[in-house]
1. When you scan segment 94-109, do you find a residue that is in a strand (DSSP E or B), within 29 Å of ASP152 (Cα to Cα) and of a type in the set (Asp, Glu), even just one?
2. ASP18 fails exactly one of the following numbered conditions: (1) surrounded by fewer than 14 Cβ atoms within 10 Å (Cβ to Cβ); (2) in a strand (DSSP E or B). What is the number of that condition?
3. Restricting to segment 23-54, what's the tally of residues that are under 18 Å from LYS88 (Cα atoms) and among the basic types (Lys, Arg)?
4. On the given criteria, is THR118 touching a strand residue (DSSP E or B) at 6+ places or on another chain (Cβ under 9 Å), closer than 17 Å to PHE57 by Cα, open to solvent by less than 60 Å² (accessible area, probe 1.4 Å) and hydroxyl-bearing (Ser, Thr, Tyr)?
5. Which condition number in (1) within 24 Å of THR10 (Cα to Cα); (2) in contact (Cβ under 8 Å) with a residue 60 or more places away in the chain; (3) not aliphatic (A, V, I, L, M) is the one that ASP70 fails?
6. Would you confirm whether or not segment 45-64 contains a residue that is under 17 Å from SER16 (Cβ atoms), open to solvent by 40 Å² or more (accessible area, probe 1.4 Å), assigned to a loop (DSSP other than H, G, I, E, B) and of a type in the set (Ser, Thr, Tyr)?
7. What's the total number of residues in segment 76-93 that are surrounded by fewer than 21 Cβ atoms within 10 Å (Cβ to Cβ) and in a strand (DSSP E or B)?
Amino acid sequence: MTLHADHSWTNATAFSPDGKLLATGGTDKAVRLWNVATGQLLRTLTGHSDNILHVVFSPDGKQIASASSDKTIRLWDVATGKNLAVLKAEDQVSSIAYNPDEKLLASADNITLRIWDTSTDKELATLHGHTGKIWSVAFSSDSKILASAGEDGTIRLWGTSVKGNGS
């Protein structure tokens, strides 16, 4: 596999839940979908205006979320490559995570955590507490806790009382 354009590098990788696809993102501002078994490039998703920092598949494998230095998160349809939504943050987005039922997406931009409703593309909550850049976010398997880790040397656990549309 030749992953991204010459003179660029890959910053992000994620396997689909079934392990058949690999999503990659890099400094060439594109997300690429690969067939793992054959190494074939299936499609290139473009729209970000800066480096891709993180990619993640939804738990059902039907969507990909990509986070970028361009201060956006883009939601993509895996089957068609269509850009479904653009979520706007205030700083570069370093980490994203779907909750297990796919109704929520957490994002980290600088020292701020955001929780988004994926059915309406609306921001539901903004969480503050870190004093250094947040590099990682993850939901617990029951979606009740969001964990974040940052440059301030802390790992924070957040109760997620917000609900996605229809919850």
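1. Taking segment 94-109 first, the residues in a strand (DSSP E or B) are 94-98, 104-109.
Then drop every residue that is not within 29 Å of ASP152 (Cα to Cα), which leaves 94-98, 104-109.
If we keep only those that are of a type in the set (Asp, Glu) too, we end up with 109.
Yes, there is a match, as at least one residue in segment 94-109 is in a strand (DSSP E or B), within 29 Å of ASP152 (Cα to Cα) and of a type in the set (Asp, Glu).
2. Unmet for ASP18, out of (1) surrounded by fewer than 14 Cβ atoms within 10 Å (Cβ to Cβ); (2) in a strand (DSSP E or B): (2).
3. 1
4. Numbers: touching a strand residue (DSSP E or B) at 6+ places or on another chain (Cβ under 9 Å): yes; closer than 17 Å to PHE57 by Cα: yes; open to solvent by less than 60 Å² (accessible area, probe 1.4 Å): yes; hydroxyl-bearing (Ser, Thr, Tyr): yes.
Against the criterion (touching a strand residue (DSSP E or B) at 6+ places or on another chain (Cβ under 9 Å), closer than 17 Å to PHE57 by Cα, open to solvent by less than 60 Å² (accessible area, probe 1.4 Å) and hydroxyl-bearing (Ser, Thr, Tyr)), THR118 qualifies.
5. Unmet condition: (2).
6. No, segment 45-64 has no match at all.
7. Residues in segment 76-93 being surrounded by fewer than 21 Cβ atoms within 10 Å (Cβ to Cβ) and in a strand (DSSP E or B): 6 in total.
The values are calculated or read from the model by the stated rules, or taken from the named source; none is laboratory data. Just so we're clear, the structure is a prediction, and the values are computed from it rather than from any experiment. Cβ coordinates were reconstructed from backbone atoms using ideal geometry, including for glycine residues, and neighbour counts include every protein chain displayed. For the accessible areas, the whole protein counts, side chains as well, though only heavy atoms, and no ligand, DNA or RNA atoms are used. Shrake-Rupley method; radii C 1.70, N 1.55, O 1.52, S 1.80 Å.
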